[in-house]
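Structure record follows, encoded as structure tokens.
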Amino acid sequence: MYPESTTDSPARLSLRQTGSPGMIYRNLGKSGLRVSCLGLGTWVTFGGQITDEMAEQLMTMAYENGINLFDTAEVYAAGK
């Protein structure tokens, strides 16, 4: 139903099935996806205000702590 990503981005979304202790997850409509109630928005975070290395560390830390909802858009940081 959902097409595979055509990008080779190292920050590809991975579905987290087991979750993280203390993180609350909810169903995303009728999609069958379970997403964390807490998400990481990337509008300002990755718009050049921090290094790529710091951005990767931040995303890794969020994911390792149970966040699987990342708010991104191609217009954020001019599509980079």
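The values are calculated or read from the model by the stated rules, or taken from the named source; none is laboratory data. Predicted model only: the values in this text are computed from it and were never measured. Neighbour counts are summed over all protein chains in view; Cβ atoms, including those assigned to glycine, are modelled from backbone coordinates with ideal geometry.
So the check is Cβ under 6 Å with 6+ separation or different chains; which pairs have a first residue in region 54-70 that's closer than 9 Å to Leu38 by Cβ and a second one that's aliphatic (A, V, I, L, M) and part of a loop (DSSP other than H, G, I, E, B)?
Gly66/Met23; Ile67/Leu38
Would you check which residues across region 65-80 are part of a loop (DSSP other than H, G, I, E, B), at pLDDT 85 or above and loosely packed, with under 15 Cβ neighbours inside 10 Å and list them?
Result: Asn65, single match.
Starting from residues that are in a loop (DSSP other than H, G, I, E, B) and surrounded by 13 or more Cβ atoms within 10 Å (Cβ to Cβ), keep the ones in region 14-27 and report whichever is modelled with the lowest pLDDT.
Filtering first and then ranking leaves Arg16.
Can you find a residue in region 28-42 that is among the β-branched types (Val, Ile, Thr), surrounded by fewer than 12 Cβ atoms within 10 Å (Cβ to Cβ), in contact with a helix residue (DSSP H, G or I) (Cβ under 9 Å, 6 or more places away or on another chain) and modelled with pLDDT of 60 or more? Break it down stepwise before answering.
Residues of region 28-42 among the β-branched types (Val, Ile, Thr): 35, 42.
The next check asks that each one be surrounded by fewer than 12 Cβ atoms within 10 Å (Cβ to Cβ); those that pass are none.
The answer is no; no qualifying residue exists.
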